[in-house]
2 protein chains.
Amino acid sequence: MLTIRKVTLQDVADHAAVSKSTVSQYLNGRYTYMGENTKKRIQHAIQELKYQPNAIARSLKQKKTTTIGVILANILHRFSTQTSRAIEDFCHKHSYHVILCNADDDPLKEQSYIEMLKAKQVDGFIIVPTAFNEEMYKHLLDERYPLVFLDRKMKALPVPTISLKNEKAALKAVSHLIENGHKTIAYVSSAVTISPRSERFTGFETGMKKAGLPINQSFVYTGNLDEAAAFYDHVFAGSRQPDAILTGNDRALMKTLSYLKNRFNNIPDTLSLLTFDDVEFAEFYSPSITTLEQPAYDMGTKAAEVLMSQIKGGENMENTETTDYCFEGILKIRESSQKRGGEK
Amino acid sequence: MLTIRKVTLQDVADHAAVSKSTVSQYLNGRYTYMGENTKKRIQHAIQELKYQPNAIARSLKQKKTTTIGVILANILHRFSTQTSRAIEDFCHKHSYHVILCNADDDPLKEQSYIEMLKAKQVDGFIIVPTAFNEEMYKHLLDERYPLVFLDRKMKALPVPTISLKNEKAALKAVSHLIENGHKTIAYVSSAVTISPRSERFTGFETGMKKAGLPINQSFVYTGNLDEAAAFYDHVFAGSRQPDAILTGNDRALMKTLSYLKNRFNNIPDTLSLLTFDDVEFAEFYSPSITTLEQPAYDMGTKAAEVLMSQIKGGENMENTETTDYCFEGILKIRESSQKRGGEK
DNA sequence: CTGTTAGCGCCTTCAA
DNA sequence: TTGAAGGCGCTAACAG
């Protein structure tokens, strides 16, 4: 079998009886002074030969790849799918490509991805930073790589960051619960290792304090969600039980619903629920679930936009201060945050 | 600001006082005849300079990029997230990269992605084919691009395809419903434009026929899901109503649940439900939902594996016949497929 | 207006 | 065991 030799610029040049550079000019729109019929000949040759430029060769020369690297936690999470989709859409519009990587919150995996992406000469990075890779990010910065953080802050580093006003959002959530007559609120979340989680928890605390309500520590769980069931066993064995649960993300919500389904065959009428993240079933669950949504798609778009302007800006962005973009959480009030038992 | 000049092979060679090619040998593990202390010097120089090879330059020379292109319908769909994650995992293990593209079932968008990916010299493609791009795929084949189809078949083309045994799966689903005493089964799906959808529908028909049950055409909807509500309005206005609904994918299920929530404030006790795709909330919905799962992660892995072996195989795969891989659907029986009203 | 030339950073014979 | 030379496909001055 003969390997298909790809047709190159040279082939087109030969076919059109001009030189390589002329064809190159043509390709790059440097029409200004080109003879009408030279153009036509080239145009024709390209079609004839089905010529397709080799972006690798172009990249080598131009030192840019029109490709960005995106490293996120886990595409199986809703926030990630939404933001990654947004980034992809934005990039496609601007003729950029995206290499997507799932680091699974594993610093080593993240490192290896960063290495690979650098080797591939990506023009910039959007990263959902893992907690323990500051050094790596610093290198990226030193090497002048355009870089944007998404979701999580690393305040030690001057990197533009797209995130939610987590504390404010949590406060909003708690206030809503309190206004609806809840006094004993449980809080469940993954381990508080990264900024969104700690900010949310702080917001929860602040909200309770403001209302003069005590936080019952035995109703607070922040840890591996696989052990959430044991926590709930404990909670629901007690004589005093919470009248509402606030979950810190979609994962925590699902663990909670699983538990309640197994234990009570649904959410008890006397228990309210409110969660971060807009799970798809919120609207049609019974009861429908009150959520504190992140505008994930918009956040992804903004991340891409900010990165792009860094890339385009290039040299002359030198001393632009890094701006952060904080989005407002959106409270979608539904049935689950009203105590239903009360009205019986 | 001075642009950071990247350190190159040449720099390393100078620093170690050897020639470029020696360093190159070292990098590519051609140790065999290399002097111990030459090695050490090079090793040292690399660390000193923090040298990182430029994959673009390497690719230009070697005519391969260790990157594959993946074009799927829409990452916001569950099947896509699962398969894409699987592909990514597999590729990462084999030191390959993935460029992910969402074609949204838009043939033009798909074309533009294929062009871009070709320009970027990807080593192969995994595609969830759109219905109307046969020509494009044929070109890919002519140009000897490794190619694998996922989810949907295009039987006119000799391309290895990873898919579900859709007809059999649908049959399994219908049989289960029938065994549980259902006789009037509604079927709801997106427009039947691609192979999985038509196969599933065929399976449904076969199942009904086998059991000697008539298909009531006014209980069948295959079209734009945004109009599913109108369909249901019609269905539930009638005097005879279905005792079960089979939905063709997660989207159709969600439209259905939304409708039922609005209309009946939940799934009526007299109505059973069974859906394709393993939605995350199946387990803890009330009632929990019987699903016909696709082993999406495994399918993604297989797709990557098959593509990889095409890529690795290269020349000598010449006349290997293209094999298809069909996966079994998995019926997960839960509460929603039992008529609950009956046992009251 | 178009062609010549000189690389981009790396790999790969082929000599030495 | 190591080095020199040529080239992958394209772009970008600079000549002509």
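Any residue in region A:73-92 that is within 14 Å of DNA strand C (Cβ to nearest atom) and within 27 Å of B:Arg5 (Cα to Cα)? No, that holds for no residue.
Please go through (1) assigned to a helix (DSSP H, G or I); (2) free of Cβ contacts under 8 Å to residues at least 40 places away in the same chain for B:Ile99 and return the number of the only condition it doesn't satisfy. Looking at each condition in turn, B:Ile99 falls short on (1).
Answer yes if at least one residue in region B:259-267 is farther than 21 Å from A:Phe284 by Cβ, without any contact (Cβ under 8 Å) to a residue 12 or more places away in the chain and of a type outside the set (A, V, I, L, M), and no otherwise. No: region B:259-267 contains no residue that is farther than 21 Å from A:Phe284 by Cβ, without any contact (Cβ under 8 Å) to a residue 12 or more places away in the chain and of a type outside the set (A, V, I, L, M). Tell me whether region A:103-111 contains one or more residues that are at the interface with chain B (Cβ under 9 Å from one of its Cβ atoms), assigned to a helix (DSSP H, G or I) and closer than 29 Å to A:Asp278 by Cα. Yes, region A:103-111 has at least one match.
For region B:14-38, a residue qualifies if it is more than 6 Å from DNA strand D (Cβ to nearest atom) and in a loop (DSSP other than H, G, I, E, B), and the qualifying residues are B:Ala17, B:Asn28, B:Gly29, B:Arg30, B:Tyr31, B:Thr32. Taking residues in region B:10-39 that are more than 16 Å from B:Arg58 (Cα to Cα), and partners anywhere that are near DNA strand D (Cβ under 7 Å from one of its atoms) and among the hydrophobic types (A, V, I, L, M, F, W, C), the pairs with Cβ atoms closer than 7 Å and at least 6 places apart or on different chains are B:Thr38/B:Val18. All conditions in (1) at negative phi; (2) at pLDDT 95 or above hold for A:Gly212, with the sole exception of (1). Among residues of region A:78-95 being touching a residue at least 12 places away in the same chain (Cβ under 8 Å) and of a type in the set (Val, Ile, Thr), the one that is farthest from A:Gln294 (Cα to Cα) is A:Ile87. For region B:233-256, a residue qualifies if it is surrounded by 20 or more Cβ atoms within 10 Å (Cβ to Cβ) and free of Cβ contacts under 8 Å to residues at least 40 places away in the same chain, and the qualifying residues are B:Leu253, B:Met254. Counted as qualifying within region B:215-296 are the strands (runs of 3 or more DSSP E) with 2 or more residues that are β-branched (Val, Ile, Thr) and closer than 30 Å to B:Glu88 by Cα, namely B:290-293. For B:Ala57, work out the one condition from (1) part of a helix (DSSP H, G or I); (2) in contact (Cβ under 8 Å) with a residue 40 or more places away in the chain; (3) not charged (D, E, K, R) it doesn't fulfil. Unmet condition: (2). Selection of region B:157-199 for residues being assigned to a helix (DSSP H, G or I) and either of a type outside the set (A, V, I, L, M) or at pLDDT below 95 (or both) yields B:Asn166, B:Glu167, B:Lys168, B:Lys172, B:Ser175, B:His176, B:Glu179, B:Ser195, B:Pro196, B:Arg197, B:Ser198, B:Glu199. When you scan region B:130-149, do you find a residue that is more than 10 Å from every other protein chain (Cβ to nearest Cβ), within 27 Å of B:Glu280 (Cβ to Cβ) and surrounded by fewer than 23 Cβ atoms within 10 Å (Cβ to Cβ), even just one? No, the conditions are met nowhere in region B:130-149.
The set of residues in region A:22-65 being more than 8 Å from chain B (Cβ to nearest Cβ), among the hydroxyl-bearing types (Ser, Thr, Tyr) and within 11 Å of DNA strand C (Cβ to nearest atom) consists of A:Thr22, A:Ser24, A:Tyr26, A:Tyr31, A:Thr32, A:Tyr33, A:Thr38. Taking region B:39-61 as the range and being within 10 Å of DNA strand D (Cβ to nearest atom) and at pLDDT 90 or above as the test, the residues that pass are B:Ile56, B:Ala57, B:Arg58, B:Ser59, B:Leu60, B:Lys61. With respect to the stated conditions, A:Ser95 fails to be of a type outside the set (Asp, Glu), away from DNA strand D (no atom under 16 Å from the Cβ) and facing chain B (nearest Cβ under 9 Å).
The values are calculated or read from the model by the stated rules, or taken from the named source; none is laboratory data. Only a predicted model underlies this, so the values are computations on that prediction, with no experimental measurement involved. Heads up, the Cβs are rebuilt from the backbone with ideal geometry, glycines too, and the neighbour counts pull from every protein chain shown.
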